[in-house]
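Derivation of every value follows stated rules applied to the coordinates shown; laboratory data play no part. These figures come from a predicted structure and were not determined experimentally. Ideal geometry is used to build each Cβ from the backbone, glycine not excepted, and the neighbour counts take in all protein chains shown.
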Amino acid sequence: MSKSSDREQSRLFAPMSDDIEPYRVKPIARIVYGNPFELTIVTLILLNAAALGALTFPEVRGDVRALLETFDSAVVWVFVAELIIRIVSYGRKPWMFFSSGWNTFDFLVIALIPVFAGNTIVLRLLRLLRVVRIFRFLPEFRILTNSLARSIKPLLNLLVLIGFLLFLFGMAGVYLFGDENPSNWGDLGAAMVTLTILLTLENFPESLSEGLGTTPFAWIYFLAFLFFVVFTVLNVLIGIVLNAMDEARAEAKTGDETLVAAVATIESAHQEGALSADVTEKLRRVIS
């Protein structure tokens, strides 16, 4: 199955398409994309997440901890079986399984577990990534990831602007407050760290009070930073993400409308006798 069609199939409560490639093992594919199978996997992912969360509490010990760890190990084997079934469903072209980014992600998360069995930190991160697999079943998450991808270029430009503004305000902060408060403003590095924290408005009143103790004109510096950097950067950041999300939603809607129109055209041509049943079926599969 193509990358796009595989992505469309893995959606909870969405009807499964009948357009399955000839090389697929259709009975197994129908099981894999069926709601009972996918609901079972989603339930196990959620239960696994709850178990991992419970294991972080030191109060959980003894038989309860052993039970949770046993459950976590059992879930791994269930996920291994799930991957094998999904790969087998691709029949004589098992490599097509990896044409989907989510399929590759699922495979790596499970396959790397024995590789890093001796590294506790990496193993714990792989456990956490198993929980991330749940996003594969959420169609709205695709729009979110597309919007984030679209945001990368403007966000990089915004990052350059932020760095330049932090440099300017950092240098000014060193000149204004460096002698009186060297721990926060003694050099450009310390000033940049202080300003980065101030971007979140953390300790802003305290920093303003300390600055006023040095010079009565400190309020001009801090208010300029507040309005020209903090508020502007925050609004531009939100605007970039929202604009990218609107574009991703519009693209998805346009794609769906185009697909529906193409299918309708093919069906109309088939009913009028312009296309044979075999050609119609092949065109429907190509579009899907």
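Once R0 is set to 41 Å, what does the formula 1/(1 + (r/R0)^6) return for the Cβ-Cβ distance between F105 and S209, expressed as a FRET efficiency to the nearest 0.05?
The value I calculate is 0.25.
Hey, with R₀ at 22 Å, roughly what FRET efficiency would A49 and L161 work out to, going by the Cβ-Cβ distance, to 0.05?
Taking R0 as 22 Å, the efficiency between A49 and L161 is 0.05.
Count charges around F105 for me, please; just the other residues with Cβ under 10 Å from its Cβ, Lys/Arg as +1, Asp/Glu as -1.
+1
By how many nm would the segment from V88 to R124 grow when fully extended, if each residue of separation counts as 0.36 nm and the alpha-carbon distance is taken off?
10.1 nm
Can you tell me the FRET efficiency between D72 and L144 if r is taken as the Cβ-Cβ distance and R0 is 30 Å, rounded to the nearest 0.05?
The formula returns an efficiency of 0.60 here.
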